[in-house]
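Everything below concerns the one structure shown next.
The values are calculated or read from the model by the stated rules, or taken from the named source; none is laboratory data. No experiment lies behind these values; they were computed from the predicted model shown. All Cβ positions, glycine included, derive from the backbone under ideal geometry; neighbour counts span all protein chains shown.
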Amino acid sequence: MDDRTIVQVTAWIKCYLTPFIFRGFRLRWAEVACRLNGQVIWVAKLANKRILLGVTGSIAAYKSAELVRRLMDVGATVQVVMTEAAQAFVTPFTLQTLSGRPVHCALMDADAEATMGHIEQARWADLIVIAPASANFTARLAQGRADDLLSAICLASAAPLAVAPAMNQQMWANAATQANVAMLVERGVTLLGPAVGEQACGDVGAGRMLEPDQIVAKCTEQFETGVLAGCRVLVTAGPTQEDIDPVRYISNRSSGKMGFSIAAAAAEAGALVTLISGPVSLDTPARVSRIDVRSAEQMLAAVQAYEAPDIVIAAAAVADYRPLQVATQKIKKQAGSAQLSLEQTPDILATIAENRGDMFVVGFAAETEHLEKNARIKLEKKSLDLIAANWVGGERGGFDSDENALTVLWQNGGVELPMAPKEKLARLLIEIVAERFDAKNSTENS
Ligand SMILES: Cc1cc2nc3c(=O)[nH]c(=O)nc-3n(C[C@H](O)[C@H](O)[C@H](O)COP(=O)(O)O)c2cc1C
């Protein structure tokens, strides 16, 4: 099977068969793609990846519409940037409609700069692909020019750059073009093609752009496979706030940092991540969809509204109790002490675990004593697949700090993750979650 067929078959499987067949066997479609052909062609490497597609003034620009579709089929987010000449061959409107994102064309565009400026676009991209790359644009790249939006982005970006030349065979063979391309390759730019064959002008020779499916296959080679590629992961984070009256509430000291770091690490590992967060003052990690809630009740509703995640990581510090009644007016200060009657909030983790279906459920335990013993009890009682326990309060406290240590437990095992910054800890935890998730799936499938 050649690269093109593999990508087509994989896209077909993803669209039509995955929901019915492979979820049943608990296989991620990335794995299916690999097993199908016996070659290492993990198209899911592009899941959740941000591809900036540069389209330049070549007759092959009409194929960029197909390329946008094929990249999106394998889970990539595509931002199109066009040169002025490219717009004579294909309209920005077409590419905007297909990519679902506004196409950027001009460097001196006040509106675009105010929203997603050229430097921001340069930083946004995981990979820049220029397809088609005209002879003229190749020359501009080689010279390091920045006199239009696309060349300025290329110059300002640290992302890997791949170019798919498309031009008349004589233009390709020209010593100037060859010198430009050689210079780019020497600087680490990946050359995609060109192919040899019949050309739009009637010539035959080298200079045809690779077909969109071939470009997608080459783009996948630019990425390592994330351990959670293609998985749908739901993370809860932060505290909840349970209202007493219109101005007061019960809450806790959770900052949400651990949950946010976990969401970021899962996205980094290729998962499609949704983060349901209580009130925190943290920025949403890149590539993560965020839903904000306040109370335990709202968090439960948001969790239940999310359909069929593969993995749920419940890192939120949900309040266990809430006022039995919420006063409609501010409660006035009175002489003597005051009483507040409390009731239990819904147990989100238990509800998830009860209705789990195939999903892999990870809980958190924050303990002030008997850490491992209490965490093991919670693991068993709530039928979790894995639990991450940490100390709270006192010097070892994990709340509202940038560092933490975790005791990670599962049914017949466990591991200690010593004190480390939460970002690092989150990456280690995600590695363990992926390993246990795969182990569970392979046991259930064998
Ligand atoms: C009909 C037509 C087709 C063209 N096809 C190509 C082509 O396939 N490859 C190429 O390098 N230039 C081609 N050109 C020339 C480029 O459009 C021209 O060099 C332009 O300045 C490129 O601008 P850009 O690199 O900023 O996109 C073509 C020009 C015309 C009029």
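Here Gln121 meets the list (1) outside any loop (DSSP other than H, G, I, E, B); (2) closer than 20 Å to Val80 by Cβ; (3) within 16 Å of the ligand (Cβ to nearest atom) almost entirely, failing just condition (3). For segment 163-192, the set of residues classified as more than 10 Å from the ligand (Cβ to nearest atom) and within 20 Å of Glu84 (Cα to Cα) consists of Val163, Ala164, listed by residue number. Filter segment 202-253 down to the residues that are surrounded by fewer than 21 Cβ atoms within 10 Å (Cβ to Cβ), among the β-branched types (Val, Ile, Thr) and modelled with pLDDT of 95 or more and list them by number. Correct list: Ile244, Val247, Ile250. Looking across segment 143-153 at every residue that is in contact (Cβ under 8 Å) with a residue 40 or more places away in the chain and within 12 Å of the ligand (Cβ to nearest atom), the one that is nearest to the chain's Cα centre (by Cα) is identified as Leu150.
Check segment 268-291 and report whether any residue there is more than 12 Å from Gly238 (Cα to Cα) and part of a helix (DSSP H, G or I). Taking every residue of segment 268-291 in turn, at least one turns out to be more than 12 Å from Gly238 (Cα to Cα) and part of a helix (DSSP H, G or I).
To keep it simple, each residue is scored yes or no on (1) farther than 21 Å from Val288 by Cα; (2) without any contact (Cβ under 8 Å) to a residue 40 or more places away in the chain; (3) away from the ligand (no atom under 16 Å from the Cβ).
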residue	(1), (2), (3)
Arg50	no, no, yes
Gly57	yes, no, no
Leu71	no, no, yes
Thr83	yes, no, no
Gln87	yes, yes, no
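In this structure, Arg145 does satisfy being touching a helix residue (DSSP H, G or I) at 6+ places or on another chain (Cβ under 9 Å), outside any helix (DSSP H, G or I), under 23 Å from Thr177 (Cα atoms) and among the basic types (Lys, Arg). For segment 338-374, residues that are in a helix (DSSP H, G or I) and within 30 Å of the chain's Cα centre (by Cα) total 7.
Take the conditions without any contact (Cβ under 8 Å) to a residue 12 or more places away in the chain, surrounded by fewer than 21 Cβ atoms within 10 Å (Cβ to Cβ), under 29 Å from the mean Cα position of the chain (by Cα) and assigned by TED's automatic domain parsing to the domain that holds Glu211 and apply them to Arg187. Does it pass? Against the criterion (without any contact (Cβ under 8 Å) to a residue 12 or more places away in the chain, surrounded by fewer than 21 Cβ atoms within 10 Å (Cβ to Cβ), under 29 Å from the mean Cα position of the chain (by Cα) and assigned by TED's automatic domain parsing to the domain that holds Glu211), Arg187 qualifies.
Scanning segment 119-140 for residues that are out of contact with any strand residue (DSSP E or B) (no Cβ under 7 Å at 6 or more places or on another chain) and either within 30 Å of Ala175 (Cβ to Cβ) or buried (at least 21 other Cβ atoms within 10 Å of the Cβ) (or both) gives Ser134, Ala135, Asn136, Ala139, Arg140. Can we say His104 is surrounded by 19 or more Cβ atoms within 10 Å (Cβ to Cβ), away from the ligand (no atom under 15 Å from the Cβ) and assigned by TED's automatic domain parsing to the domain that holds Lys45? So His104 does not fit the description; no. Taking segment 124-137 as the range and being within 16 Å of the ligand (Cβ to nearest atom), closer than 25 Å to Ala76 by Cα and either in a helix (DSSP H, G or I) or of a type in the set (Gly, Ala, Ser) (or both) as the test, the residues that pass are Ala131, Ala133, Ser134, Phe137.
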